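Single-structure report; data block below.
The values are calculated or read from the model by the stated rules, or taken from the named source; none is laboratory data. Just so it is clear, the structure is predicted and the values come from calculations on it, not from any experiment. Please note: Cβ atoms are built from the backbone with ideal geometry, for glycine as well, and neighbour counts cover all protein chains shown. Please note that ligands, DNA and RNA were not included when accessible areas were found on the heavy atoms of the full protein model with its side chains. Shrake-Rupley method; radii C 1.70, N 1.55, O 1.52, S 1.80 Å.
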Amino acid sequence: LKRQDAPSISTLHNTAAQWFAAHDLTSEALQHAFAAKNYDLAGSVLERIATQVWEGGSLFSLLHWFRQLPDDVLASHPQLTIFYAKEVLYGGKMEQAEKMLIDAERALHAMQSPDDTMPDNHRRVLGIIAVMRSAIAMYRGNIPELFRQCDLALQMLSERDKVWRAVTADHAAIAYYWHGSGNIRKAKQLFQQADATHIDNAYFRLAHGIQY
């Protein structure tokens, strides 16, 4: 095919990517989307994969895929930028992750008219940003900021966001454990609250170095 009709290869990759994406075969869809240089589709598919990996508690890095996305695609997918920031943060680059969260927040506000009520999906993304900022505050040992971001996350996230609220509870538990002389009882209560979601948070605890 390369010898006889090379220009059609990109079209075929694009068709394959769309078919795989429509049938929830996300890994295959992502590979073909990048091969076709259809970065908008690649960004949408990568966001779905990142959601499954992040919220499913999988120990799997997507950093090599994120690095292939153009800046304008990331700018149009604020939640995707947050997942990218998560990968960067757990690679030890807090300043870069923080900048990405600022970019995601700005992109989100740019999508919204000043007179509009904030859509629920925008509130959710802002809640996730607060969770990520609470992780940064935790790594820095900034307890007041850790409490503030946890409170903000719980205000923005709905009861349906069980994983993110569980992570927030984990972070708040650590804040209580570290605060002043420590509040072990409150910390234990929050850890148990996170466990009560019946979601495996081993990924988050491993990433944060939490053991109990």
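Among the residues of the range 143-161 satisfying the criterion of being crowded, with 16+ Cβ neighbours inside 10 Å and assigned to a loop (DSSP other than H, G, I, E, B), which is modelled with the highest pLDDT?
Taking the range 143-161 first, the residues crowded, with 16+ Cβ neighbours inside 10 Å are 143, 145-150, 152-154, 156-157, 161.
Then keep just the ones that are assigned to a loop (DSSP other than H, G, I, E, B); that gives 157, 161.
Values: Leu157: 92, Asp161: 86.
Restricting to residues being crowded, with 16+ Cβ neighbours inside 10 Å and assigned to a loop (DSSP other than H, G, I, E, B), the top hit is Leu157.
Sort out which residues of the range 67-87 are open to solvent by less than 40 Å² (accessible area, probe 1.4 Å), within 26 Å of Val167 (Cα to Cα) and over 12 Å from the mean Cα position of the chain (by Cα), and write them in order of number. Leu74, the sole residue that qualifies.
Just a yes or no: is a residue in the range 48-58 among the basic types (Lys, Arg), open to solvent by 50 Å² or more (accessible area, probe 1.4 Å) and closer than 22 Å to Val125 by Cβ? I'd like the intermediate steps shown before the answer.
Our first condition is that a residue be among the basic types (Lys, Arg); within the range 48-58, this holds for 48.
Right, trim to open to solvent by 50 Å² or more (accessible area, probe 1.4 Å) and you get 48.
Now restrict to residues that are closer than 22 Å to Val125 by Cβ: 48.
Yes, some residue in the range 48-58 is among the basic types (Lys, Arg), open to solvent by 50 Å² or more (accessible area, probe 1.4 Å) and closer than 22 Å to Val125 by Cβ.
Looking across the range 8-46, the residues that are of a type in the set (Phe, Trp, Tyr) and either within 24 Å of Ser61 (Cα to Cα) or surrounded by 19 or more Cβ atoms within 10 Å (Cβ to Cβ) (or both) come down to Phe20, Phe34, Tyr39.
Residues in the range 116-142 that are outside any helix (DSSP H, G or I) and closer than 13 Å to Tyr176 by Cα: Gly141, Asn142. Given the criteria in contact (Cβ under 8 Å) with a residue 24 or more places away in the chain and of a type in the set (Asp, Glu), does Glu95 qualify? Spelling it out, it is not the case that Glu95 is in contact (Cβ under 8 Å) with a residue 24 or more places away in the chain and of a type in the set (Asp, Glu).
If Asp5 satisfies every condition in (1) under 26 Å from Ala97 (Cβ atoms); (2) open to solvent by less than 80 Å² (accessible area, probe 1.4 Å); (3) among the charged types (D, E, K, R) but one, which is the exception? Just one mismatch for Asp5, condition (1).
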